[in-house]
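Handing you this structure, nothing more for now.
The values are calculated or read from the model by the stated rules, or taken from the named source; none is laboratory data. Fair warning: this is a prediction, and the values are worked out from it, not measured in the lab. Reconstructed Cβ throughout: ideal geometry from the backbone, glycine too, with neighbour counts over all protein chains shown.
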Amino acid sequence: MGSNTSIITNEQLAEYAELTYLSKSEIIFILQKFLLLDGGRQFSLTKRFPEQDVVNLFPQLKYNPFRDRLLHVFSSENDDRFSFEDLLDLFSVLSEKCPLAVKATWAFQMYDFDNDNLITKEDLLELCDRITKHDRLEQDEKMAIAELV
C-alpha cells in the first residue's frame, strides 16, 4: 500500500474486506480517491466530507439519476457528509458481489423518496420520472404504471 500504510493498517484492510463485498484492491482504490479530498493532511477514517466533494471524485455518482437518494441513504449521520466507511458501504452494495437480498434492502430505502417506510404511488411516479429523465412518459402513462405495480 505504499504511502497509505499510516492511514490504514493491514489488519483494518483485512477487516474491511471481510465486512464488505469489496476486494482489498477496491478498498485501496477508494481510499486513494478519498485521500484526495484533503490532500492527505490530517486525514482520519472518520472525517466527514461534503457530498459535492465526494461526488466530484466518483463520476459513477456524478451522473447517476439516483445520486441524491444514494447519498442520502448512505450518509451514516444523515448530514449530507461522508466518511470513508460511508463510501465503503455504498460501493459495497453497488458491487457485483453483493447479494441481491442486501441490494434489495438498500434499494427499498433509496426508492422510498418520501422516507415514510412505504413505496407509495407517489414514490413510483418519482421513480418513473427519474428513469425516463422527466420527459419520456405522459402523466397518464406514469399513473398506469404506478397503479399496475
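Quick one: Glu126 ticks every box in (1) more than 15 Å from the chain's Cα centre (by Cα); (2) in a loop (DSSP other than H, G, I, E, B) bar one, so which box is it?
Failing condition for Glu126: (2).
Within segment 17-48, track down each residue that is modelled with pLDDT under 95, assigned to a loop (DSSP other than H, G, I, E, B) and closer than 19 Å to Phe74 by Cα.
Leu37, Ser44, Leu45, Thr46, Lys47, Arg48
If a residue has to be more than 21 Å from Leu45 (Cα to Cα) and either in contact with a strand residue (DSSP E or B) (Cβ under 6 Å, 6 or more places away or on another chain) or of a type in the set (Lys, Arg) (or both) to count, how many in segment 65-104 make the cut?
4
Only one of these conditions is not met by Glu77: (1) in the same structural domain as Tyr16 (by the TED database); (2) part of a loop (DSSP other than H, G, I, E, B); (3) surrounded by 14 or more Cβ atoms within 10 Å (Cβ to Cβ). Which number is it?
(3)
Can you tell me which of Asn117, Asn56 is within 30 Å of Thr9 (Cβ to Cβ), exposed (fewer than 14 other Cβ atoms within 10 Å of the Cβ) and not β-branched (Val, Ile, Thr)?
When all the criteria are applied, what remains is Asn56.
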